[in-house]
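Take a look at the structure set out below.
Only the coordinates and a few stated rules stand behind these numbers; no lab work does. This is a predicted model, so every value here is computed, not measured. With ideal geometry, Cβ positions are generated from the backbone for all residues, glycine too; neighbour counts draw on all protein chains shown.
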Amino acid sequence: MKLPIVCPSCDHNLNVSQMKCPSCATQVNGDYELPVLLKLSREDQEFVVNFLLSSGSIKEMAKQAELSYPTMRNKMDDLIEKVKKLQNQKL
């Protein structure tokens, strides 16, 4: 099941309010903001994971995705801007 990150009613970011241990059923309640990476779309999260798995090589990512280096670089630049905006929202 995909973790919801946006309110279906008003489109604002959701916060985590409860977590439960599947082993012992301990519950933790509060109002916790999601980390920046979890606020990204699933596609953007997969891009970050692929970047790490390719040892940070945009060239390798472009090769694996059968895209040109400039196209992959543009995707990276767009993602960097998204992360900057999300970080600025916290301030």
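At most 14 other Cβ atoms within 10 Å and a DSSP loop assignment: could you name the GluC sites (Glu not before Pro) in the chain that fit?
Filter output for the chain: Glu66.
Mind pulling the angle between the C-alpha long axis of helix 42-53 and the longest principal axis of the chain? Nearest 10 degrees, somewhere in 0 to 90.
Its long axis makes an angle of about 60 degrees.
P(r) tail for segment 1-86, what percent of Cα pairs lie past 14 Å?
Result: 72 percent of Cα pairs exceed 14 Å.
Pick out, from Cys21, Leu38, Ser9, the residue whose Cα sits farthest towards the positive end of the charge dipole of segment 1-86, with +1 on the Cβ of Lys and Arg and -1 on the Cβ of Asp and Glu.
Cys21
Can you give the local net charge around Leu52? Use residues other than it whose beta-carbon is closer than 14 angstrom to its beta-carbon, Lys and Arg +1, Asp and Glu -1.
-3
Report the FRET efficiency, 1/(1 + (r/R0)^6), for Leu37 and Cys7, where r is their Cβ-Cβ distance and R0 is 30 Å, rounded to 0.05.
The formula returns an efficiency of 0.95 here.
Once you have the Cα-Cα distance between Leu67 and Val49, take 0.36 nm times their residue separation minus that, and quote the gain in nm to one decimal.
The span from Leu67 to Val49 would gain 4.7 nm if fully extended.
Taking only Cα atoms, what is the 0 to 90° angle, nearest 10, from helix 69-90's long axis to the longest principal axis of the chain?
Long axis of 69-90 versus the principal axis of the chain: about 30 degrees.
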